[in-house]
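Data block below; observations after.
Rule-based calculations on the coordinates, nothing more; no lab input. In this text, all values refer to a predicted model and were calculated from it rather than measured experimentally. Cβ placement follows ideal geometry from the backbone for every residue including glycine, while neighbour counts extend to all protein chains displayed.
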Amino acid sequence: MSISAITVEATLASDGMSLQLERKVTLPPGRVTVTVHAATAKSGPTMLAVLDQIHRAQQQRGRRPMTEAEMAAEIARMRAEDDEYEARWRSISSHTGEKMDPF
């Protein structure tokens, strides 16, 4: 029984017509049908893999994620900072007599 189909990686030349196959094809000589799909770059781990690695390393160092209460407190602190910043701009604006946009 002969092989009628094979998948092989290739590089498309700049002429848009030529393919450089990465290995020899074991099909008999003659006409073939070629379907071309763009290959994804294999340049390293995915972002999700890197984030998983960072998470595991943090766990090994004993870091624990924030609790819900800690997260709520952090959000409240950041909002208070924003409110304070906005209040300072309003104060500055009231002293200059000009309407100022703090953003």
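State all residues of the stretch 85-103 that are among the charged types (D, E, K, R) and surrounded by 10 or more Cβ atoms within 10 Å (Cβ to Cβ); if no residue qualifies, say none. Please lay out each step first, then the result.
We begin by selecting, within the stretch 85-103, every residue among the charged types (D, E, K, R); these are 86, 88, 90, 98-99, 101.
Listed by number, the residues that qualify are E86, R88, R90.
Entry remark, the stretch 23-80: residues being within 30 Å of I6 (Cα to Cα), within 26 Å of the chain's Cα centre (by Cα) and loosely packed, with under 10 Cβ neighbours inside 10 Å number 9 in total.
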